[in-house]
Amino acid sequence: TRDYLLRKQNVFQFDEAQDTAYLQFNILAGPPIADPNLPKDESFVIDEFESLIEDLGPVCYVSALCGKFIQRNGISVTSVTSTRPLDLLKRNPDRFLIVGGGNVSLVKFRDHPAVVSAMSQTTGKAARAARAAQDAQLPVPDMVTEQDVVHEFRRLILQDGNESVYISSLCGRFLQRFRRPVTHIINSRPADFLRKYPEIFELVGGGNVRLVPGSAAGVGQASFSVEASSSQLRPLMATATPLPVAPTMRPPGLGGESGPPGTLGGDMASPPLDEDLCRELLRHIAPPGHNEALKRRTSELCQLLQDRSFLSVEDTVLGGAVGKNLAYRGGGEEAEIVLLVDRLPDSDHEKWLPHILETLTAVLEMALGSKANGFR
């Protein structure tokens, strides 16, 4: 029992010293938990979904409902129904209303303003596809900068006319328009890039972004002209950062006096950058065992992802500086973990991926607790 409680820390709060166990607060915060003796069948899942939508709704992400279900009942929806959650909801049109974009509501909430708004956003997909096809016919500029990305994202959000837009949708339409991924230009995650412009963009959760009120002024003029030739566009200029200067070493016994250049007490030439100096520098910035310790901690996180995730994680791959044994102190300690997940759709990523990531972040936050921070 002890091992089970420790393994299910996302569900139970276990006090080993007192030998007591409680449900996590976030599980208790919601509708009453169903009788654990009830049979776990399709009818049970439908009733649970309906209770969760009434508590969290009126509009909920399907993936968020699935995450809540597994937290409250310790079992996944697919293991009970052997079918996709969306297909299960579609088979019950008398109770559930599919509103598009990975969202669902209840039929009795059909006239609620939030449901009406979500339904109106779905009906604009055909118009967006037509506009994207028209944009794709425009000439592609020779050079695209970060400011061009800002302008294009802002233009697309205004063009949609909705309160918010999926970030993944913006990236897909940017690729269709400019024939290159936006990450090749901004060298960061799109969400992190948008955070650099808080006066223009506001992240609103669920992988969505909207414009800050008043930031749409002056959007009518593009920051580049597609008719301009490459010779008319000025290249980007990077500011070089000088390398740190090696410390000046004085021969023993000279003290710290300074004198005229060329004398024993004056300026001395820096020592040559030989193997001994490089070895000493390496010992300071990447001491023995430093990368191995980081790799052990990251491997524990990889194992936790496989054990605690509601996804069917087949394997994890560790990359980044830690995975390549290149970690060093002072900023070079990043690690990238790639999850190899089975049984995910191979299309319409913008519909389900943001919600999966949002739910996974919540599960990680509960599983790691005080061991980590800065979840996003």
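The values are calculated or read from the model by the stated rules, or taken from the named source; none is laboratory data. As the structure is a computational prediction, the values presented were derived from the model and not from experiment. We place every Cβ from the backbone using ideal geometry, glycine too, and count neighbours over all the protein chains shown. Remember, those area values only see protein heavy atoms, side chains included, never the ligands or the DNA or RNA. Shrake-Rupley method; radii C 1.70, N 1.55, O 1.52, S 1.80 Å.
Taking the 1.4 Å solvent-accessible surface of the stretch 137-178 as the whole, the part contributed by carbon and sulfur is 52%. A simple spin-label model places pseudo-atoms 7 Å from Cα toward Cβ; at Ile98 and Gln147 they are separated by 4.5 nm. Suppose every Lys and Arg Cβ carries +1 and every Asp and Glu Cβ carries -1, with no other charges. What dipole size does the stretch 308-360 come out with about its Cα centre, to the nearest 20 debye? Using Cβ point charges on Lys, Arg, Asp and Glu, the stretch 308-360 gives about 220 debye. Computed extension gain for Val107 through Ala21, at 0.36 nm per residue and net of the alpha carbon distance, reaches 27.1 nm.
Between Leu318 and Asp41, full extension at 0.36 nm per residue minus the direct alpha carbon distance yields a gain of 95.9 nm. Separation of the stretch 293-361 and the stretch 95-109, taken as the distance between their Cα centroids, equals 31 angstrom. With each label modelled as a point 7 angstrom along the Cα→C-beta vector, the Ser82-Ala293 pair spans 5.1 nm. Please give me the summed charge of the neighbours of Gln306: other residues whose Cβ is under 10 Å from its Cβ, Lys and Arg +1, Asp and Glu -1. With Lys, Arg at +1 and Asp, Glu at -1, the neighbours total -2. The heavy atoms of Tyr328 offer some 100 square angstrom of accessible surface to a 1.4 angstrom probe.
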